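The values are calculated or read from the model by the stated rules, or taken from the named source; none is laboratory data. What you see is a predicted model; the values in this text were computed from it and never measured. Virtual Cβ from ideal backbone geometry, glycine too; neighbours counted across all protein chains shown.
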Amino acid sequence: MSLGNIFKFLTGKLGNMFVSPDKTLEVEIQPQASLIKTTKPSSHTIKKVIAMINASMLQDILYNCVSNTPNIQGTALVSPDGLALASVLPADMDEERTAAMSAAMLSLGERIGNELARGNIERIVVEGEKGYGIMVGCGQEAVLLVLASAEVKQGLLFLEIKRVVAQIAPLLA
């Protein structure tokens with residue numbers, strides 16, 4: 001109930017119970033400072049809440065990628081240190097191990113790119129008889145690993161990866 005509604009109630013129906021109709025009722029409302037407490041959340045608390053929201057949004061983006069794209073079997077967002085930030089992987093894959101191997105693969109790929117004078121690495125593709133493992137940078141903070149079956153259309157796969165990276169990058173900034 002708002003303060004205005006409370007005031008109307010006090011001066012209207014409740015007021016008529018204590019004051020005759022030919023007299024007016026004057027009401028003064030003074031809030032007590034001890035009853036009203038407002039606290040401002042700390043910047044640390046705000047950052048934690050934003051991080052939790054972003055983590056949930058990252059997980060949703062990865063889930064949508066896997067569930068809405070044929071032949072994509074899993075995705076993981078990994079820090080350069082090898083920690084999984086979010087993932088949607090097949091049940092038989094260990095998230096920690098996959099994240100660590102992805103970081104190692106990225107590091108090795110960057111060194112090979114430098115040694116062979118190929119410039120900045122856009123993506124690292126591992127092709128096997130059962131499918132592909134593609135790693136793409138998501139800014140300085142993360143790398144996206146996408147696992148796809150051998151039947152996937154590579155053009156559509158790379159297009160989907162670009163779309164997912166475009167959704168993820170702002171959340172990591």
Quick check on L171: is it out of contact with any helix residue (DSSP H, G or I) (no Cβ under 9 Å at 6 or more places or on another chain), farther than 14 Å from A76 by Cα and among the aliphatic types (A, V, I, L, M)? no
Flagged in region 66-109 as in a loop (DSSP other than H, G, I, E, B) and either touching an Asp or Glu at 6+ places or on another chain (Cβ under 6 Å) or closer than 23 Å to L171 by Cα (or both), in numbering order, are T69, N71, S79, P80, D81, G82, L83, L89
Inspect all residues belonging to region 144-154 and state whether any of them is modelled with pLDDT of 90 or more, within 17 Å of L77 (Cα to Cα) and over 18 Å from the mean Cα position of the chain (by Cα). yes
